[in-house]
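S.K.: There's a structure below that I have some questions on.
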Amino acid sequence: MMEIKPETITLDSVTTFICQKQAEDQAMVISRQGVLWLIDFSDKTTLRLNASHASQRKITKAKYIVNSSEEYHNGILFSASNDYTLKLFNMGSYELKSEFYSPKKDCLTFDIIPEYFIVCGGYNDGYIRFFQYEQNVNLGVVLLVEPKQNKAYPVTTVVAIPQTRNFLVGNSNGDIYMVYIKNLES
């Protein structure tokens, strides 16, 4: 019979995202309070990383991607928060690599096309914002409003379609958009 023995470590608030590191007993955790933690279950230790989101702010989304380049040898962790930032953490060094700030605009969701180092963030003002995270460049914005509407709705879903270099985007009004990206260089 299989024996199950859970190991417990308690953090500052509700856990919103977990990704396992290459070492099997380590994990990266983001708590709802915007804190990024490195947890080592074999040592029963936690390390709170300084480059977290503003305290008392909610993490709206996080995503881990594997990246084998020398710069990101353990991967990349992206996180968005209602502190107006979309952050990129290098999982090899546990350091903040990039931060994209949109004053008074909450990043509610995002997705990534890793082959082109592009992240598309969906915001509460109805805009989607594009960033090239390898060069830390803002690529531009698009307001998602139907021609007959006078109101923009918060963007609630962004899904990358890497094969076509496009994004599917949804808002709180139930509108779905296909956003076509042109002029991407390989």
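Coordinate-derived values only; no laboratory data. Here the structure is a predicted model, which means the values were calculated and not measured. Positions of Cβ are generated from backbone atoms using ideal geometry, with glycine treated the same way; all protein chains shown enter the neighbour counts.
S.K.: Enumerate the calculated ³J(HN,Hα) couplings along the stretch 113-124 in order (Karplus 6.51 cos²θ - 1.76 cosθ + 1.60, θ = phi - 60°), each rounded to whole Hz, writing x wherever the residue is Gly or Pro.
M.R.: Result, rounded to whole Hz: 10, x, 4, 10, 6, 10, 10, 10, x, x, 10, 6.
S.K.: Check cross-link reach from LYS87 to the lysines: straight Cα distance under 17 Å, and skip same-chain residues fewer than eight apart.
M.R.: List returned: LYS58, LYS61, LYS63, LYS97, LYS104, LYS105.
S.K.: Filter the chymotrypsin sites (Phe, Trp or Tyr not before Pro) in the stretch 107-186 down to the DSSP loop ones having no more than 13 other Cβ atoms within 10 Å, then list what survives.
M.R.: On the way: sites: PHE110, TYR116, PHE117, TYR123, TYR127, PHE130, PHE131, TYR133, PHE167, TYR177, TYR180; in loops: PHE117, TYR133, TYR180.
Here the chymotrypsin sites (Phe, Trp or Tyr not before Pro) that fit, given the DSSP loop and packing criteria, are TYR180.
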